[in-house]
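What follows is a set of notes on a single structure, which appears directly below.
The values are calculated or read from the model by the stated rules, or taken from the named source; none is laboratory data. All of these numbers come straight from a predicted model, not from anything done at the bench. Note that each Cβ is placed from the backbone with ideal geometry, even for glycine, and that neighbours are counted across all protein chains shown.
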Amino acid sequence: MTTRFLAPLTIGFLLSSCGESRNRQRSEVRQVFQKFSEAFFARDGRTASRHLSQQTFAYYDRVIPLARNEDDVGLSALPPLELFSCLALRHRYSPEELMGLDSRNLVLDAFDRMVFPAGAPHFLDIGEIRITSPGVEATAPVFLPPGEWHEDILVTFNRENGEWKMDLTSVFEALSGKIEPHLRDPSSSRAERALHYLRIHENEQIGSELLRPRN
């Protein structure tokens, strides 16, 4: 009889503990985003960068060499957000500056100017946090300028060295599907279409020299 009553109590206790753990993790993730935002808007790039996942830096370490070396054909073969990242890098930095650039310097330079690095969308807030893998990964929808929630575009937070870190580039996969239709035009390359899209939607006057091969 005692065992019969203890089993439901034990299950209830475990479920309650699990719920409390998830709530605590959601609170920790929210605090990380708030700390990141406070540092970002204070133009404290070094503090803001401490809240970024290694995935963010790995992405830019992979993309920066592409921005240095790819020609129009090479750029056109890239996924949409990698293509835009390369164009943004070429717009912001000279070929000489790109040669000495790495992901850490890129992030610090962007944050000190209060922008997200190399074409990354600047999200102003995050929505309801979901713990997708307890103690390992969490996701949340983002609020993008000029003022719109995107429930289908999720930013990822990864647990690294005991702390939650945000991956700015985790939103790229979902955004790619929204951007890809703008790049389909048989009369021009995807790189040329990307430039056109950036001029219209980002109000950036990026010259055609961005598409010239890098030596």
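Tell me whether segment 188-209 contains one or more residues that are surrounded by 11 or more Cβ atoms within 10 Å (Cβ to Cβ), among the β-branched types (Val, Ile, Thr) and either modelled with pLDDT under 75 or over 22 Å from the mean Cα position of the chain (by Cα) (or both). Before you say what the answer is, go through the steps one by one.
We begin by selecting, within segment 188-209, every residue surrounded by 11 or more Cβ atoms within 10 Å (Cβ to Cβ); these are 188-199, 202, 204, 206.
Going one step further and asking which of them are among the β-branched types (Val, Ile, Thr), we end up with 206.
Cutting the leftovers down to either modelled with pLDDT under 75 or over 22 Å from the mean Cα position of the chain (by Cα) (or both) gives us 206.
Yes, the conditions are met somewhere in segment 188-209.
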**Request:** Out of the residues in segment 117-161 that are buried (at least 19 other Cβ atoms within 10 Å of the Cβ) and among the small types (Gly, Ala, Ser), state the one that is modelled with the lowest pLDDT.
**Result:** 119
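Condition first: touching a residue at least 60 places away in the same chain (Cβ under 8 Å) and either among the hydrophobic types (A, V, I, L, M, F, W, C) or under 12 Å from residue 120 (Cα atoms) (or both). Now tell me which residues in segment 145-172 satisfy that. Let's see the steps before the verdict.
To start, the set of residues in segment 145-172 that are touching a residue at least 60 places away in the same chain (Cβ under 8 Å) comprises 156-158, 160, 163-170, 172.
157, 164, 166, 167, 168, 169, 170, 172 - these are the residues of segment 145-172 that are touching a residue at least 60 places away in the same chain (Cβ under 8 Å) and either among the hydrophobic types (A, V, I, L, M, F, W, C) or under 12 Å from residue 120 (Cα atoms) (or both).
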**Message:** Looking at segment 151-175 only, could you name the residues that are closer than 21 Å to residue 118 by Cα and out of contact with any Ser or Thr (no Cβ under 8 Å at 6 or more places or on another chain)?
**Reply:** 153, 171, 172, 173, 174, 175
**Asked** Which residues, counting only those in segment 66-102, are of a type in the set (A, V, I, L, M) and either out of contact with any Asp or Glu (no Cβ under 9 Å at 6 or more places or on another chain) or at pLDDT below 90 (or both)?
**Response** 67, 73, 75, 77, 78, 81, 83, 87, 88, 89, 98, 99
**Item:** Residues of segment 70-115 that turn out to be surrounded by fewer than 17 Cβ atoms within 10 Å (Cβ to Cβ) and either within 13 Å of the chain's Cα centre (by Cα) or aromatic (Phe, Trp, Tyr) (or both), as a count
**Value:** 1
